[in-house]
Amino acid sequence: MNKVDVKDIDKKWQDFWSSNKNSFKNTDKKKKFYCLEMFPYPSGKIHMGHVRNYAIGDVLARYKTLQGFNVLHPMGWDSFGMPAENAARENNLDPKEWTQKNIATMKRQLHSLGLSIDWDLEISTCDPNYYKHQQSLFIDMYNKGLVVRKETYVNWDPVEQTVLANEQVINGKGWRSNAIVERKKLSQWFFNISKFSEELLEDLKLLTEWPEKVKLMQKNWIGKSVGCEIDFEIDGQEKVKIFTTRPDTIFGATFLAVSVDHPICKNFSNKDNFLKFKNKASQVGTTEEAIANAEKIGYDTGFRAKHPFIKNKSIPVYVANFILMDYGTGAIFGCPAHDQRDYDFAKKYKIEIIKVVEPKENHEIVADNKAFDGDGIIINSTFLNGLNISDAKDKIIFEIEKKKIGKRKISYRLKDWGISRQRYWGCPIPMIYLKNGKIVPVDKSELPIMLPSDVDLNSKGNPLENHPNWKKTKYKKTGEDAIRETDTLDTFVDSSWYFIRFCSPKLKDKPFDEKSLSYWMPVDQYIGGVEHAILHLLYSRFFMRAIKFNDENIKIKEPFKGLFTQGMVCHETYKNKKGSWLSPEEIKDFKKSEITVGPPEAMSKSKKNVVDPESMIKIYGADAVRWFMLSDSPPDRDIQWSNDGVAAAHKFVQRVWSLNEKAINRKNVKSLEEERKKFLTAINKYLFKITGFIEKFQLNVAIASFYEAIRLMEEYVNKPVENKDFLQSQASLMKAIMPFIPHISCECLSKIEGKDFYSKIKWPGIEKSLLTDENVVIVVQINGKKRGLISAKKDISEVDVIREAQKINNVEKNLRNKKITKKIFVKNKIINFIIK
RNA sequence: GCCCUCGUGGUGAAAUGGUAGACACAAAGGACUUAAAAUCCUUGCCCGCAAGGGAGUGACAGUUCGAGUCUGUCCGAGGGCACCA
C-alpha cells in the first residue's frame with residue numbers, strides 16, 4: 001500500500017488555511033457561534049493538556065463553521081505573571097523578552113496542530129494595548145464603587161512575596177508556590193465581588209449548559225447561609241453581636257464565643273496569659289487533618305453575657321480558636337447540645353449542656369458524646385416548646401426583631417476579591433496618592449500606565465516600589481506631585497475579561513465596542529480545565545456583571561453560555577532504583593528490572609511523565625495526534641497517553657488516505673439496487689449518528705462510528721455500487737471527519753472535488769428517508785433470557801414474529817410442554833415469552 | 001465530618017429500561033511472504049470436538065415481562081469544601 005507523507009500534507013494545508021481564511025466576520029445575517037478555549041500562559045512550550053483542550057475546541061469550531069455558523073475562534077496569551085519574573089531573575093533577562101520568545105514558540109506549535117484559529121484577533125495581556133483598557137475598566141469600576149480599599153488581614157505568600165486572595169490559598173498554602181501562607185495586616189485594593197453574592201448564586205440556575213459539578217462547587221464556594229444576628233449585653237462592655245443559623249436553639253445557649261481578633265479582646269491585649277493563648281490559637285498545622293482535628297481551646301474572659309430570653313441568667317464569654325473573625329460577626333452563642341464544636345468545647349471547659357431539640361421519633365438514637373443536629377421538636381424553650389425547627393426559627397426571629405435585639409440576616413462565605421500584588425510583571429493599578437492623603441484614579445488620558453523596563457528584579461520586595469523614579473508623578477487636575485500605586489493587579493484580573501476583548505481586539509480608544517460585544521457575547525462554548533471551576537470562572541462572571549453595572553447598554557450577565565471541562569492527560573510514571581523520577585524517554589536506557597512503573601497520573605514536569613507534543617507531531621503528523629487525543633476516552637474524563645494509541649491513529653490516517661486513492665481509481669460498476677440502498681442507508685446513518693455524537697460532545701463515540709464507516713467503505717470498494725454514489729459517500733465522510741483530521745481530509749477532498757472545494761465546503765446533508773432500515777433484527781426471549789434472533793421486514797406483526805420465533809430450534813425446545821402465560825411484544829425490537 | 005461523581009474483559013471504553021462488551025489498544029493463533037515488515041482474518045470467562053449451553057457490568061436486596069441503566073443499603077476509588085456558627 002502506498003503511504004502518504006503526512007508532514008507534507010500538514011504543511012500544505014496549514015499554509016493554505018493561513019492564506020485562505022474563511023473570513024465571514026461581521027456578517028450579522030448569519031447565526032454566530034463563539035467558540036473559546038481557555039487561553040494559555042506562555043510558559044515555554046505547549047503540553048499535551050493544551051493539545052487536548054485545543055483539539056476539542058477545534059472540532060467544535062470547524063464543525064460549527066461547516067454547519068454555516070459565523071464562528072469566532074480566537075486565541076491569546078495570559079502573559080503576565082510570576083514565572084516570567086522568576087525566569088528573568090534566574091537568567092538575567094527581561095520578562096518581556098522571555099514572554100515574547102515563549103509566545104513565538106507556542107504560536108508556532110499551535111499552528112502545527114492545524115487549528116482553525118483566527119490569529120488576526122490575537123491578544124496578549126502583557127501588551128499595553130490590552131492592559132490600557134484594563135486600567136480604564138478599573139477606573140470605571142472604582143468610580144462606580146466596585147473597587148474598595150480596605151485594611152485587612154491578608155494571606156501573605158512568603159515565597160512569592162505577595163498577597164493572595166482566599167481562593168488562591170489551598171490547604172493553607174499558596175496555590176502556585178506551595179509555601180505556607182502567613183497572616184499580615186495590609187491596606188489592599190479589593191473588587192467588591194461580594195456585592196453580587198446573591199446574584200452569582202441565583203444565576204447559576206441560568207447556566208443550563210454548565211456541568212452540574214462546577215455549578216455545585218461555585219454554590220458551595222459562595223456559601224450562603226440564612227440566620228439572624230442577636231445582640232448580647234455584657235456588663236461594662238459594648239454589646240456583642242453574634243450570628244447564628246440556629247436561633248431556635250437560643251434556650252440551649254450556655255456560653256458565648258468570640259474570635260481572637262474580636263474587638264472585645266482589646267481588654268486583654270497586654271495580658272500575658274491572653275497573648276500566650278492567642279499565640280497557641282494561631283499555631284494550627286497546615287495539613288487538612290490538622291485543621292479539621294485541631295483541638296478546641298478557649299480563653300475565659302471573665303465577662304458574663306445576659307441571656308436575652310431567660311431572666312437573671314448569664315452565660316460565660318470565651319475567646320475560642322475555632323471562631324473566625326471574617327465570617328458572620330466573629331462571635332457566636334454556643335449551644336453544646338446541638339452543635340458538635342460547641343459540644344466538644346463545653347465538655348472541655350465544663351460548661352452546662354441543655355437539650356432543646358428532641359428527635360422526632362425514637363428512631364434516631366443520640367449518642368452520649370455527640371451533639372444532635374437533626375430534625376426534631378423544641379423542648380425546654382418556654383414559648384418555642386412543641387414547634388418544629390423551621391417554625392421555631394420563624395417565631396424566635398420574630399421575637400428578636402420585636403425586642404429590637406437583632407434581625408434576620410444572610411451570610412455568605414464569599415469574600416471580596418483582593419487584587420493587589422506586590423509584583424512587577426502585572427498590570428499597574430492606575431491610582432495615585434496625593435500629599436493630602438487622598439487616593440485618586442489617574443486621568444484616563446494618561447493611560448496606559450506603562451510598566452518601566454529598567455527595573456531591578458534581584459533586590460527584595462516590590463520592584464516598582466524600589467524603582468528610583470517610576471512612582472513619582474503629577475496629578476493632572478492640579479499639577480501637584482503625587483505617588484503612583486506600586487502594586488500591580490492579580491493576573492486573574494487579566495483573564496476575567498479577555499473573552500470580551502476578543503469581540504473587538506483592535507479597538508483603540510475603548511475596551512470593547514458595544515455592538516460587537518452584543519453580537520458575539522456570550523461565549524457559546526467555553527472549553528478548559530476543571531481546575532478553574534471557581535477562581536477564573538467566578539471572577540469572569542463577576543466581571544461581566546461589573547461591566548454591565550458600568551454600562552447600562554450591556555445586557556449580558558453571564559459570559560459563558562456553555563462550559564465544557566475536559567479531563568487531564570495522564571501517563572505512567574517511572575522511577576529508577578534510587579527512587580528518582582524518569583521520563584518516558586529516559587527509561588529506554590534502562591533494563592526493565594531497573595525501573596518501577598507507577599500508575600498513570602496527570603502529566604507533570606515534577607514527575608517527568610511528560611510527552612512532548614511537538615516531537616509526536618513530527619513523527620505521526622498533526623492529524624494522528626489530534627485523532628488519538630479524541631479517540632480513547634470521553635473528552636470530560638482523563639485520558640492516558642499511549643504511544644501505541646497514537647501509532648494506531650497514524651495507521652488510521654493512512655487507511656483513510658489509501659481508501660481515498662482506491663475511491664478515485666475505482667473502476668465503475670453497475671449498481672445492484674439492493675446493494676446500493678443498503679450502502680447509502682448505512683453511510684447516511686453513520687453521518688446522522690456522528691452529527692449527534694458531536695453535538696453531545698461524545699467525540700470518542702463519534703470516532704468509533706468513523707472507524708465503522710471507513711471499514712464499510714473499504715468493503716464496498718469491490719461491491720456493485722456505482723462510482724458516483726461511492727465517491728459522493730466518500731466526500732461526505734471526508735467532510736464529516738474534517739473537524740477531527742483536517743489535513744488528510746482536505747487533501748482527500750481536493751482530489752475528489754477539485755482545488756476550490758474549500759470555499760464551498762459544507763457539513764454533509766442527511767437524507768431522512770434513508771435513516772431506517774427495511775429489515776430489523778428482533779430478539780426472542782424466554783423469561784427475559786435471549787434464546788434467538790429473527791431477521792424480518794420492518795413492522796412485522798406480532799403474529800408473524802411469534803410464528804417465526806417458534807421455528808427457532810432453541811426456542812421450540814424451551815417452549816415444548818410449557819405453558820405460555822404471557823407474551824410481551826415490542827414492535828421491531830423484542831418478543832418475550834413468559835412460561836411457567 | 002459534609003457534599004458530589006464514578007465502579008463494565010488484560011487496558012481505554014460503548015450501550016433512548018429491550019442482543020452487554022460497539023470502537024480501539026494489548027495478547028494469542030492463523031493467512032499472505034524464502035523471511036521479515038506492512039496488511040488482513042480468528043479467538044477472548046466456565047463446560048463442550050462442535051452445534052450449543054452456563055455464569056457475568058463492585059456487593060446485597062427491591063421495582064419490572066425484562067435492570068449496566070431505576071430505588072434502597074453497604075463496600076471501594078476519585079474530586080470539592082472544611083472549625084462557615
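Nothing in this text is a laboratory measurement; each read-out follows from the coordinates by a stated rule. Note that the structure is a prediction, hence the values are computed from the model and not measured. Here the Cβ is made from the backbone with ideal geometry for all residues, glycine too, and neighbour counts use every protein chain on show.
Side notes on the structure shown:
- Once the Cα gyration tensor of the stretch A:699-812 is diagonalised, semi-axes √(5λ) in Å: 41, 15, 13
- When only alpha carbons of the stretch A:680-765 are considered, Rg and Dmax amount to 12.6, 36 Å.
- The tail of the calculated P(r) for chain A, taken as Cα-Cα distances beyond 36 Å, holds 61 percent of the pairs.
- Computed Kirkwood radius, in angstrom, where 1/r is averaged over Cα pairs of the stretch A:32-153: 16.6 Å
- Summing Cβ point charges (Lys, Arg +1; Asp, Glu -1) relative to the Cα centre of chain A gives a dipole of roughly 1860 debye.
- Sparse packing (at most 16 other Cβ atoms within 10 Å of the Cβ) combined with a DSSP loop state is found for the following chymotrypsin sites (Phe, Trp or Tyr not before Pro) in the stretch A:24-86: A:Phe24.
- Candidate aspartates and glutamates for bridging to A:Lys508, where Cα separation is under 16 Å - those fewer than 8 sequence places away on the same chain excluded: A:Asp120, A:Glu122, A:Asp127, A:Glu446
- Overall Cα dimensions of the stretch A:413-466, principal axis frame, Å, largest first: 37, 34, 23
- In the structure shown, the pairs A:Lys21/A:Lys735; A:Lys184/A:Lys219; A:Lys241/A:Lys415; A:Lys577/A:Lys608; A:Lys241/A:Lys280; A:Lys132/A:Lys474 are assessed against 22 Å; a Cα-Cα span above that value is assigned to A:Lys184/A:Lys219; A:Lys241/A:Lys280.
- Working from Cα pairs under 8 Å separated by at least six residues, relative contact order for chain A is 13 percent.
- Cα-based reach from A:Lys515 at 18 Å (exclusive), listing lysines while leaving out same-chain residues under 8 positions away: A:Lys25, A:Lys29, A:Lys30, A:Lys31, A:Lys32, A:Lys506, A:Lys548, A:Lys555, A:Lys557
- Excluding same-chain neighbours fewer than eight residues apart, the lysines reachable from A:Lys807 by a Cα-Cα span under 26 Å are A:Lys785, A:Lys786, A:Lys793, A:Lys794, A:Lys818, A:Lys819, A:Lys822, A:Lys823, A:Lys827, A:Lys829, A:Lys836.
- Length-normalised contact order for the stretch A:679-836 - Cα pairs under 8 Å, 6+ apart - percent: 18 percent
- Förster-model FRET efficiency, 45 Å R0, A:Lys350 and A:Asp636, C-beta, rounded to 0.05: 0.25
- Sparsely packed loop sites in the stretch A:168-276 (the GluC sites (Glu not before Pro) outside DSSP H, G, I, E and B with at most 14 other Cβ atoms within 10 Å) comprise A:Glu238.
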